[in-house]
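Presented below is the structure to which this report refers.
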C-alpha cells in the first residue's frame, strides 16, 4: 500500500483521490475549501483544509513521508507552481502535476515535477477519436507523435494469424496485447490467431495509427 497526497480537490483531484482510496491506498486530500473537505472526508483516509502554497502548513502534515504527490490545481498556475516546488522541497519521492498548457507543463518539469498530465486535453482527444472511428475503443498519447490505441479487430482479420496479417509491415505498428473474451494475451506471438470481436492494444506513430481508423 502506497501513501498518496492529493493537493487540490476539484473534479479531477477528487476523482483521483477517491479512486486511489478505493484501490486500497492511504490517501491524504488537501484543499483550502472547507465544504469540499467535508464532502470528501469519508471517501479518503484523511481530508485536511489547508493552503497549498503555505509551506509551513504542508510541512506540518508530514508530506515528506508520502510516496506520491498529485498537484491537481490547474486554473491557478501560480499556486500550481508553488505547490509543486514545496512538495519537491519537502522530499516527496514522485510528483505528478496537472497543467493547463504546454508552457505551464514546461515550467512544472523545470521545477521538478516527475510527470505532467493534461486531463481535459487527453479526455477530449479520446472522445474525438471514439466519435470519428467506430473501431477505436481507447486512445492514449505517449508523446506528441506516438500513441497507444485499443481497437476492435477489423472484419478482414478474422481467422488470420498475426504473421498472416503482417500488421507491422503494412501499418508500421506493433501489437502489445490481444483480448479474446475474458482472456488477455499480453505477449502475442506470430502464430496467434485473431478472431472477430477481439480487442487489440497497438502502439505506433500517430500517422500509422490513423490507417487503422474506419
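Here the stretch 105-120 is the region considered, the condition is being surrounded by fewer than 18 Cβ atoms within 10 Å (Cβ to Cβ) and at pLDDT below 90, and the residue that is nearest to residue 13 (Cα to Cα) is 119.
Checking each residue in the stretch 5-20 for being at pLDDT below 95 and either in a strand (DSSP E or B) or over 21 Å from residue 84 (Cβ atoms) (or both) picks out 18, 19.
Find the strands (runs of 3 or more DSSP E) located wholly in the stretch 121-214 whose residues include 2 or more that are at positive phi, surrounded by 15 or more Cβ atoms within 10 Å (Cβ to Cβ) and at pLDDT 85 or above, and list them. Show your work before the answer.
Working: elements: 136-141, 146-152, 174-180, 183-185, 199-205.
Here the list is empty.
The stretch 37-118 holds helices (runs of 4 or more DSSP H) entirely within its bounds, and those carrying 2 or more residues that are touching a strand residue (DSSP E or B) at 6+ places or on another chain (Cβ under 7 Å) and touching a residue at least 24 places away in the same chain (Cβ under 8 Å) map to 77-89. Those residues that are within 15 Å of the chain's Cα centre (by Cα), touching a residue at least 24 places away in the same chain (Cβ under 8 Å) and over 17 Å from residue 62 (Cβ atoms), I need them from the stretch 1-17; list them, please. 12, 13, 14, 16, 17, listed by residue number.
The values are calculated or read from the model by the stated rules, or taken from the named source; none is laboratory data. Predicted model, so just to flag it, every value in this text is computed and none were measured. A quick note on method: Cβ atoms are made from the backbone with ideal geometry, for glycine too, and the neighbour counts reach across all protein chains shown.
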